[in-house]
Amino acid sequence: EQEQEQEQEQLQQQPTLAGSLPWMAPEAFSEKPHRSQDMWSLGIAVLEMAAGRHPWPPFEHQAALVYHIGSLHEKPHSKPSLESVLAPRHQSAHQQHPPSSQNPASSAALVNLVEMCLEIDPNRRPTAEELEQHPAFNAIS
């Protein structure tokens, strides 16, 4: 019984991942939880809605996705952006429907919102209160 209690204590002390891997912030794989991880997830969700597809390249194994996201600190150029996820969609549909400046997904406010949310440094990401004042949300109301 004492051995089981010790095992349970050890399990509780080990860090655990909580969340859906594709939407998790880079620091979630190596550091303690940070208040701004939800802002990262919002940025990924906005990218997904704008592009109509997931912003990460396809990986054969979930472990490769974890490594890719977790190593963004060393390779920030691998971070998705609104431009990078929309490019394949525009290339395939460009002949029929060229990108329009009227497209909300190409607005400067939305591009800025995504950039702010996908800031690699969690201490520099905006809070939910700060994002409430962002022009991308003001355009909706």
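Answer yes or no as to whether GLU60 is at pLDDT below 85, surrounded by fewer than 16 Cβ atoms within 10 Å (Cβ to Cβ) and of a type outside the set (Phe, Trp, Tyr). Steps first, answer last, please.
Working: at pLDDT below 85: no; surrounded by fewer than 16 Cβ atoms within 10 Å (Cβ to Cβ): yes; of a type outside the set (Phe, Trp, Tyr): yes.
Here the answer is no, as GLU60 does not meet what is asked.
Which one is modelled with the highest pLDDT among residues in the range 1-30 that are among the small types (Gly, Ala, Ser) and not in a helix (DSSP H, G or I)? Reasoning before the result, please.
Quick first cut of the range 1-30, residues among the small types (Gly, Ala, Ser) only: 18-20, 25, 28, 30.
With not in a helix (DSSP H, G or I) added as a condition, the list becomes 18-20, 25, 30.
Values: ALA18: 67, GLY19: 74, SER20: 84, ALA25: 91, SER30: 80.
The residue in question is ALA25.
The values are calculated or read from the model by the stated rules, or taken from the named source; none is laboratory data. Fair warning: this is a prediction, and the values are worked out from it, not measured in the lab. For neighbour counting, all protein chains shown are included, and Cβ atoms are generated from backbone atoms with ideal geometry for every residue, glycine included.
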